[in-house]
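Okay, handing you the structure first.
Derivation of every value follows stated rules applied to the coordinates shown; laboratory data play no part. All values derive from a computational prediction rather than experimental measurement. Cβ placement follows ideal geometry from the backbone for every residue including glycine, while neighbour counts extend to all protein chains displayed.
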Amino acid sequence: MGEIVSAAAMIFVAGDERVMSPNSSAMIHHFSTMTGGSYPELVASRKSEDLQARRIVDHFLKNSTVYKQLNKSRIRYFYLMITGCHPER
């Protein structure tokens, strides 16, 4: 029994071999940030945060079986759901 939480989940998914017992769990969540500054600085920060969010999702898709199980339309849905951009959220 055990837990893989937060950034540890990213490290776990990147491994060549992953083993979890049936009673284990993993927690994956959106990252959070706080930003301050002028309008141009806020715009630049937002672009950087969007890039980081895409990199995190791409990391999970590349290193998990989800990518292999989903067709392209489902991958887009999965990506939108994870990033909080899906209209149903």
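Please name all residue pairs, on different chains or six or more residues apart, with Cβ atoms under 9 Å, provided the first residue is in segment 1-26 and is assigned to a helix (DSSP H, G or I) and the second residue is small (Gly, Ala, Ser).
These pairs meet every condition: Ala8/Ala26; Ala9/Ala26; Phe12/Ala26; Val13/Ala26; Val13/Ser64.
Also, I was wondering about something else. Before we move on, is Ala9 surrounded by 13 or more Cβ atoms within 10 Å (Cβ to Cβ) and under 13 Å from the mean Cα position of the chain (by Cα)?
yes
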